[in-house]
């Protein structure tokens with residue numbers, strides 16, 4: 001793999017995404033995870049929040065949920081462009097969510113067990129994704145394109161600007177092999 005983030009040849013209607021995401025963020029209060037779930041498990045009693053953040057219980061060393069359980073679109077947000085995007089998504093996915101990274105914030109260094117797909121909804125030039133052993137800083141522009149991110153390496157996202165950064169995150173149903181998780185090599 002040459003680059004941990006790849007721009008894919010899938011383009012979506014960014015103005016429709018922005019309008020709908022803004023409406024959702026105006027109606028749903030965010031907690032410390034700063035996420036809103038767009039997909040959910042069947043009959044979820046908390047479709048806006050169940051499955052956000054990490055789904056791994058570090059204390060008990062097990063997963064709370066499986067990606068494959070997130071098979072329905074959140075009933076609170078049905079009927080819009082985001083549901084259409086979810087139904088027509090070109091890859092098999094589990095969780096689908098809005099992730100907000102407030103200004104002057106950074107995620108902890110972490111890795112994921114499956115690739116992530118991103119669509120930048122609102123961003124700016126001071127918003128970056130960094131990989132532990134890669135000297136390059138990556139930026140995903142709000143251009144309506146889908147980006148695939150290889151997340152089996154330790155990485156973080158940083159918002160060093162004055163405005164929030166908002167991405168749509170799609171978790172792949174394809175998990176990395178255990179032998180690949182945690183390798184910290186450079187991308188060359």
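Under the criterion of Cα pairs below 8 Å and six or more residues apart, the relative contact order for the chain equals 28 percent.
How far apart, in nm, are two points set 7 Å out from the Cα along the Cα-to-Cβ line at residue 87 and at residue 106? The answer from the label model is 4.3 nm. Fully extending the segment from residue 71 to residue 14, taken as 0.36 nm per residue of separation minus the present Cα-Cα distance, adds 18.1 nm. Note on the chain: with a GNM built from Cα contacts shorter than 10 Å, the maximum mean-square fluctuation among 51, 144, 79 falls on 79. With the simple spin-label model, which puts each label point 7 Å out from Cα in the Cβ direction, the residue 156 to residue 60 separation comes to 2.9 nm.
No value in this document is a laboratory result; all are computed from the given coordinates. From a predicted model like this one, the values you see are computed outputs, not experimental measurements. Positions of Cβ are generated from backbone atoms using ideal geometry, with glycine treated the same way; all protein chains shown enter the neighbour counts.
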